[in-house]
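For reference, the structure discussed in these notes is given below.
Just so it is clear, none of the values below were taken in a lab; they were calculated from the coordinates. On a predicted model such as this, the values are computed, not experimentally measured, just so you know. Glycine gets a Cβ as well: all are built from the backbone with ideal geometry, and neighbour counts include every protein chain shown.
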Amino acid sequence: MSGCDLNGLGVLVTRPAGQAGPLAASIRQMRGKPTFFPGVVIEAVEHGRLVSALSSMTPMDLAIFVSPTAARLGVPPLIEKFGSLDGLRVAAVGRTTAAELEKLGLTDIIVPDSSSGGEALAGCLQLGQLANRKVLLVRGEGGNDVLETALRKRGANVWLFECYRRCLPGADFGAVEPLLRDGRIGAWMATSGEILDNLLRLAGEHAALLRNTPLFVNHPQVAVRAFSQAVKVIFVTSGGDAGLSAGLCTWFCEPRASMS
């Protein structure tokens, strides 16, 4: 981000493997030092199960993608099933997901303006016009039910397409612990409640180091969850990698009034 100098600040980047590159590049551009520690492992659902799940599906009126992974793993089997997604209304829960959909050739994507998450998307969709419409919700196994519930309450016929599963990483937190202890990591990020929970669980007896390090999240619900788990300093940013980068810049680069 132009004009922002993190002056070597270490930032713990916890996005899943394969999704952290752009955010890390932004941190480096601001002269920060990203450290990778994926907070969740993504596993694709077997192709045969995806084919079976789509076998009885007819064309939808709207497809909603809840994450970049949902876009990356959900679009190809849908194109395989229907041949093309031309004419299908498409929505994304945030800017990062919308960017992934655009990489896959989709356009005119409905996306919340300033926030991210199912609640934000529900707020910008014309839910009153979805009664009796067929809505495809593309997500991971056991995903958040907030958006699904909101759609069903408006009378939408919701079909779930669960194309991946999220797993607890097997990584050793011991590599991160000394970096937190001696201040070489001065901020960390969690873009979902699951990542937050996993990091604190993996930290084990060292979880206090995370709780005492400024946390950056891009959704109010994750902030509430972090507060309930005794994280001391929580900064809620706008959506996407750009929002997280701007949050770091605001907290560490811009003057702040002293807090009593």
Q: Place the peptides 90-101, 200-211 in order of packing, highest mean first, counting for every residue the other Cβ atoms within 10 Å and averaging per peptide.
A: 90-101, 200-211
Q. Antiparallel DSSP bridges in the chain: what percent, to the nearest 5?
A. 15
Q. If you wrap a convex hull around the Cα atoms of the stretch 1-97, how much volume per residue is inside, in Å³?
A. 113
Q. What angle do you read, to the nearest 10 degrees and between 0 and 90, between the alpha-carbon axis of helix 240-253 and the longest principal axis of the chain?
A. 20
Q: For ALA91, list long-range residues whose amide hydrogen, built 1.01 Å from N in the peptide plane, is under 5 Å from its own amide hydrogen.
A: ALA63, ILE64, PHE65, ILE110
**Q.** Cut-off under 5 Å, modelled amide H: who pairs with THR35 long-range
**A.** VAL11, LEU12, VAL13
**Q.** Taking ILE195, ILE27 and counting other C-beta atoms within 10 Å, the order from fewest to most
**A.** ILE195, ILE27
Q) What percent does the relative contact order of the chain come to when contacts are Cα pairs within less than 8 Å and at least six residues apart? A) 21
Q) If we sort 32-43, 141-152 on the protection proxy, mean other Cβ atoms within 10 Å, highest first, what's the order? A) 32-43, 141-152
Q.
As a test, work out the antiparallel percent of DSSP beta bridges whose residues both lie in the stretch 43-167, rounded to the nearest 5.
A. 10
**Q.** Amide H contacts under 5 Å for VAL158, placed H, 5+ residues apart
**A.** VAL135
Q. If contacts are Cα pairs under 8 angstrom and at least 6 residues apart, what is the relative contact order of the stretch 43-167 in percent?
A. 31
**Q.** HN-Hα J in Hz across the stretch 175-182 - Karplus 6.51, -1.76, 1.60, θ = phi - 60°, x for Gly and Pro
**A.** 6, 8, 3, x, 5, 6, 5, 9
Q.
Per residue of the stretch 138-151, what does 6.51 cos²θ - 1.76 cosθ + 1.60 with θ = phi - 60° give for ³J(HN,Hα)? Whole Hz please, x for Gly and Pro, Karplus curve as stated.
A. 9, 7, x, 4, x, x, 4, 8, 4, 5, 4, 4, 4, 5
**Q.** Listed residue (SER67, PRO34, THR14) projecting farthest to the positive dipole end of the stretch 1-120, Cβ model
**A.** PRO34
Q: Work out, step by step, the length gained on full extension between GLN129 and LYS232: first 0.36 nm times the residue separation, then minus their alpha carbon distance; give nm to one decimal.
A: 32.9 nm
Q. How would you order 238-246, 64-72, 181-189 from highest to lowest mean count of nearby Cβ atoms within 10 Å?
A. 64-72, 238-246, 181-189
Q. Given the stretch 1-52 reduced to its alpha-carbon atoms as identical point scatterers, what log10 I(q)/I(0) does the Debye formula return at q = 0.27, 0.31 Å⁻¹?
A. -0.97, -1.09
